[in-house]
Structures are given as C-alpha cells and as structure tokens.
Amino acid sequence: MPAHSAGTTTRSESRDSGTGFMTVGRRKFLGYLVAAPTLVVVADIGRQAAWGGAQASAAALPSPPQTPEVYEFVDAYRDACRPTNPLLAVEVKEDGRVAFALPRSDNGQGIITSFAMVIAEEMGIDPSDVDVTLADARPELMFNQLTGGSSSTYSLYTPVRVAAAIAKGALLDAAAAQLGQEKRLLETAGLTIVDTAGRAIPFGELSRLAAVPVTTAAEVVLKDREEFTVLGKSRGKSDALAMVTGAKKFAMDLMPEDALPTVICRAPDLNGFPDGGPSNLDEVRNMPGITDVAPIGNGIAVRARTFGQAIDGVNALQVNWNPGTVAGQSDEDIVEGLRRAELPLVTPPIPGKTLEQELVHFSRNGSALETNCAIVSVKDGKAEVWAPAKSPISGQKIAAEKLGLAQNDVTFHVIPGGGSFGRRLFNDNIQEAAEAAKAIGKPVKLMWDRANDCRQGRVKPLCVTRVRAVVTDDAVASFELRYSGVNMEVDEGLTDVLTSQLIKAPGGNLGVSETFWEISVHTPYNFGVNTRAMVETNYGFNTGSTRNVYGPDTCTARELMIDRIAERLSKDPVDFRTEFVKTDRLRKVIERAANEADWGKSMPEGTAQGIGVHQEYKCATACVVEIDARPETVNRNIRSARTGPRVTKVTFVVDPGLLLNPLGFEAQVQGGINDGIANAMTAGLHLVDGSFVEASWDNYFYTRQWNTPPEVNVILIEDSEYPEPGGAGEVSVAATMSAVVNAFRRATGIEPEYTPVLHKEPFPEGFTQYPTSPPIPASPTNGLEFTF
C-alpha cells in the first residue's frame, strides 16, 4: 500500500519576539491512502516557515529587506513542487520492506541516506529497512523532479514525512483490527507491529490488509522534534561501502545489450564544428574494433568494441573544423566587453567618503569525477536512456526529440552519479548520445574524455563585480553591488521552475537569470541605501553553475569590501560585522566562529586570519581561516604544482536549521570548503585564442593535498531555532572563498584584483599544455616514477 499527502487542516502559529522566527505548533496533515494491492501513501503540504527578524545596531543605517531575506530560490522551488507532491509515494512491499522512489538525483550528496532516515523516523523502523531508489523520469511530476540549488531536503522533507506517517498509521489500524487491540497500545518492532502481549504481525501481511480499493483521505500528526530517535543522529551513507569496493553501479558500469563504447571527436576551438566529413572516413571505419563512424551536430561519433579503440578512432580522424564561438579571443577580451556592459552605480562618489573596488572572477571548471556519460538504446520504436541526470524530464524530452519519438516512448532511468557541481543539471550527454544512436542506428554507451570535459564542458562563467560604498564617520550610508557576467545558462527544467514562479516573486515578471539573481543575492548588513544589479552577455560559452550560482563571487566581493570599510572606520573585521549584520542568527554564527578560531590572536608575520559570512539555502554561515604566505610555504617544491600561500586552518560554523544527519551535513561542508579554497586561490581556466589552456585534472589547479588545510573544524549549531532543514550541498563555498581572499589580503598586503588570486602567476615549472591534435591526449604511462 502506498501513501500520499494533501494539505494542512489545522495550524497554530505565533511569532516569537525574541528570535523573530515563526513558531509552528503541533499540526495535523492530510494525506491519502492510494488504491493499490499493497499500502501506498502520498502527501501534500501547505506553506511553512519564516526567516529570522532583522536587528539593527544604534550606529547602523537600516537597509530595507531584499528579496532573499523573505523569499529565496529554495522557497520558489518548494512552491513549484506543491501541486505534484500528492504523486510521491511511500510504499510497504509484500516482503515488508518500505520503498520510496526519490524524485531527485543523488550524485554523492547523500540524499538517498537522508530520506531513508526521514521515512524510518516517522515509521519507527531502522533506515536499513527502507529502500530508496532514484525514480525514472516522470513528466507528470512537472517541476518536482529537479535537483539543484541545495533544495532537495527543504522541498521534500515534510511531504515525505507525512506519507511515511500515514503509512505507519494504516499499518497500525490494520494490526489493531487483526489483534483486537486499541491502536494506541501497538508499536513497531523491526518490520512488525506488536501488541502488549507480544503478538506480532509482519509489515508485509499488514500491507495487504491495509490496502484500500478506493483512494482515501487520512489525517496524521507528525512527530515533534523532541521525539526523534533517528533524525539528528549521524549516519554514514548507505552506499559508502559499495562505492569504495567497486560494487556500486554507475552509468558506465551498466551493460545493456549491444550498447558499445562511443566517443566524440571534437574541435580544437570552443564550440567549433566540422566543416564537412572526415577525409579518411573509410580508413577509420576499418580500424580494429571500430563498428561505426557518423557525424553528429558538434562532432564525429566513433563507436567501437572498447573505449580505447574508440579513442584511437577519434584520434585518427582527419577533420577540417569551423571556428568556434569565441575564436581568437582571450580572457582580457571578454573582461573588457563585460566592463562595457556594466550597469551604472546610483550613488555618486563623495571625495574622502567613497570606497570602490573591482574584482574579475575567471571561469572555473565544474568537471565531476565521473565525466559526462549516457547510454541510449532504441528498439521497436521505443527507447531507453540510462544516465546521471538532475533534470531527467528535460533529458527525456531532449532524447525523444533527437530520436524522433514521442516523449512517452522514452524510458529514462536516473542513475546515481559520480559528482555533479551543476554539470548534471544539463543534458548535453543525453543530446549527444541520442544523436549518435540515431545516426548510427545502434545502441551507444557514450562517454566524454577528460580533456574535452574541461575544454568543451560547462564552466562557471567569467564575470566582473564592482562594489561602491559611501562611508560616514561611524556607518555605511550606501552599498552598491554590480555584477557583469558571461551568460549563465539555465537548463530547461530549471527555467520552467523559475518562470512558473516569476509572477509570484517580489520582483515581478523578470527574466530567468534576473529572477535567480533576485532571489539568491543579497547583502545581509544594515548599510543604508543598498542596491544590487546584474547584467549578462552571451559570448557563446558553455556555462552553468559550479556548486553555487552567483553566491561565491558576489559574497567575496561584498566581504572583501566589508574588510576595507572596517579598516576605514578603524574597527576589527569581526566587531564590524557583528555590529552591522541584520539578524541575530548571523550574529551568533559570526561570534561562535570568532571564538572557536581564537580570532585576533598573535600570529607570525606573513600569516593572517580572514573571515567570511554568508546566508543562503535557509542557513547562516561564518568561516574563519588562517593562511601562511611566508616564502618557505609559497615556494615549497612540489612537482608541476601550483603552490603559493596555504590555508592552514579552517573554522566553519553553520546554523543549518533542523539538522537531519550531522555526519552527512558535515561532509558536504568539508567538500564546499575545499571548493571555496580552490575558487579563491588557484582554480581558474585560462582562455587563450578561443580555447581553454587547461585540458585535464592534472593541469587544472583545484585544491590538492598540498593545499588542503591540515586542520578543519566544522561546527554545526544543533539547537538551531530555525524549524526546517537548510540546504547543505553548496552552503560552505561562498563564506570560505571570501574568508580566504580576506586572509590573503591581510597576510600579503596585496589588494586582490581577481580570483583566483594566483590566476596570473606563471604556470609552474613542468606544466604541459596538452595539444588539441590529436583531440584526446594520450594517457600518461610514467605514473609509477612519481610514487612514494
């Protein structure tokens, strides 16, 4: 029997004058027992929750609230999901196990484990007895099958709880009837219901008895937070052992019949395309293992018995290429164009009172451990797709269009992915695999090579931020932020979500990028006249978010300026923030981070602390880092490595709201910390003459072992007054990035002009730029020479 949810029937709310939070009393929820042979339950929930109230110090000039302080992206997404929440089902199977097809994509963030815990909590069972799988694409879910923006837990937490609680209630009703006992005297024990005499009935038997022939409404009261025995306790990922032993199946581990390895020959320029077919087509088709060679939209597809043979075929092709979309251009050309497009600042500069800064934020690669990949098989007018995808309904639609099929003739299986960082929101892999399967007429197992994942894949777009602040003797009279960027592409699925909410958003009927900006970027300080505005220009790049959209760059611009303002007013950076920050919730995490990190302690010359603060995804965060910029650290000798100053300690404090799985949340924070360090220090792409220099992980300078801080302390506020779970996936990137840039400035005395701050340093000795011909660089064969 499955279970669903339908609406709030009673509600008791009051505003606590001390915290500013909306407190929600014990509530009843309405759901449905769905007509089915076994127990199925679904749920639908009304609007809940509120942000903390604003507080201003005596000196601060209050700023009016900005949109994200009352309604941010996760709110918009949750609202878009509400109409289809009743289609989500928790089911008790005939064997007694509980099942849930999760309409989200797990790419390592651990939501499979989290939702097993949520269901187990309400049903009184162990999470190991809950089977959470990833749902196939379901077009009827509309907006409710999209993963991104750290929204999964926030949007699904209550609907899934309601469905699970109703399922348990139905099992108890069935057991009470069978045992002749009052329902209140029964309880769960494993996958059974037991009475006071010790008599037990298995869930599987009760599931058949609890099934209903006609969908029926049911009310339920959810557990209070104080009653939790599963949620709030740390639990490792349910698939962790399978990951490290190789038992976990990713897309490329699957072996559908006749789906052979397929690789695309790509242009040397970004978004270049073939000028006619290969001149040696027949020769390549006759190479060992090659089964098919066919042109597709942006390149030439080569299908073979093995990936090695497919790569050999790609590298043997002789193709003339048309120029790409940024042919002949380099980073500085793009930067100058963005400067010309910048929106004007409103407040005129006042001599002696105005501070102004510009930061250039270079493109960053979001390439995951698992490169772009997909399997497409077409038989008898029906197609199947297997791929890691965060927008599978959009992917299903794209596959159908490319294959010339109706959307309902395409079955799209969502496979757990090996990382995402915004990449899986786009279905480039699905489009290419479908094009190849159509052109070749056979099943394909398509995988991108690592070099072109970096050269041709989606990147965080290059942007320029400008901040102007007018500072009085003891306050900030105005604070203006401008963002000029290469167009941030948004997948069709996310576009649909945002456009569905445009008319409801406080900003009114804005465009998609402007809407995302409006509901995600804000300045959480009382700085008088406070404006922010953005403009984007399409330069023909392949772009997307890379673990947070606008937050890291705009937060870094803001927090760097705040350090400068504090200096102008002769105030300590922490004291200044606690004085001018708008909410007590943020003030508390700033103070806690400063205390835990021993802020202001004596440090050797060439080292320093830095702080960054951010509020997004219903979380409040503060990060304090220590950096070592002394010559012996900067110049440490590591083969072919970007070294430079090293972050030696990170203290990260987050108020996560309702904390479901502390271990899982901490893991996400740790990953985001390393992203923040990379963004601030070393990880940037260099566009030269129409293509990116970097072409693999070994020459893209992400945070490596020699740059990872030896000491990382993550502090989760476990008694948060915020009543709902915040998002973990991207929460730590922005505050960390800004803290590192501030620490770098204090340790070196260098005023940052761009991020990463080492972007314009010469490439390290031993750096090798991979050639674009052949398109796929040969794999190294000398690795053992460098082992320890």
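Things to note:
- Calculated translational diffusion coefficient of the range 608-657 (25 °C, 0.890 mPa s; Stokes-Einstein with Kirkwood radius over alpha-carbon pairs) equals 193 µm²/s.
- Selection from LEU369, LEU134, VAL459, by position along the positive dipole direction of the chain (Cβ): LEU134
- Rounded to the nearest 20, the size of the Cβ-charge dipole of the range 585-755 about its Cα centre is 400 debye, with Lys and Arg at +1 and Asp and Glu at -1.
- Cα-derived Rg to Rh of the range 658-738, Kirkwood definition: 1.10
- Computed Kirkwood radius, in angstrom, where 1/r is averaged over Cα pairs of the range 585-755: 16.6 Å
- Burial order of peptide ranges 585-594, 618-627 (average beta-carbon count within 10 Å, highest first): 618-627, 585-594
- Local net charge near ILE430, Cβ-Cβ under 10 Å (Lys/Arg +1, Asp/Glu -1): -1
- Seen from GLY204, the other residues with C-beta closer than 14 Å to its C-beta sum to a net charge of -3, counting Lys and Arg as +1 and Asp and Glu as -1.
- Counting only DSSP beta bridges whose two residues both lie in the chain, roughly 70 percent are antiparallel.
- The shape of the range 703-770 can be summarised by an equivalent ellipsoid whose semi-axes, obtained from the alpha carbon gyration tensor, come to 32, 16, 13 Å from longest to shortest.
- DSSP assigns beta bridges within the range 585-755; of those with both partners inside it, close to 80 percent run antiparallel.
- Computed over the chain: relative contact order in percent, which uses C-alpha pairs under 8 Å that are six or more apart: 15 percent
- Protection proxy ranking of 561-568, 733-740, 639-646, by the mean of other Cβ atoms within 10 Å over each peptide's residues and highest first, is 733-740, 561-568, 639-646.
- Distant-in-sequence amide contacts of ILE296, defined by a placed amide H-H separation under 5 Å and a gap of 5 or more residues or a different chain, comprise ALA301.
- Net charge of the neighbourhood of LYS618, taken over other residues with C-beta under 11 Å away and scored Lys/Arg +1, Asp/Glu -1, is -3.
- The range 329-434: equivalent-ellipsoid semi-axes (sqrt of 5 x gyration tensor eigenvalues, Cα, Å): 45, 15, 13
- Membrane-span-like helices of the chain, defined as complete DSSP H segments with a Cα extent of 24 Å or more along the helix axis and a mean Kyte hydropathy of at least 0.0, are identified as 152-179, 662-681.
- Enclosed volume per residue, in Å³, of the convex hull spanned by Cα atoms of the chain: 170 Å³
- Leading residue at positive end of dipole, the range 214-259 (Cβ point charges), from SER238, MET252, VAL220: SER238
- Amide H partners (placed H, <5 Å) of ASN713, local residues excluded: VAL650, THR651, PHE652
- Per-residue ellipticity at 222 nm computed for the chain from its helices equals -8500 deg cm²/dmol, with DSSP H segments shorter than 4 residues left out and the rest contributing -39,500 (n - 2.57).
- About the Cα centre, charge dipole magnitude for the chain (Lys/Arg +1, Asp/Glu -1 at Cβ), debye: 540 debye
- Rg in Å to one decimal, and Dmax rounded to a whole Å, for the range 524-571 via C-alpha atoms: 14.7, 45
Here, each number is a calculation from the coordinates, and none is a lab measurement. The model shown is predicted, which means the values in this text are computed figures rather than measured ones. With ideal geometry, Cβ positions are generated from the backbone for all residues, glycine too; neighbour counts draw on all protein chains shown.
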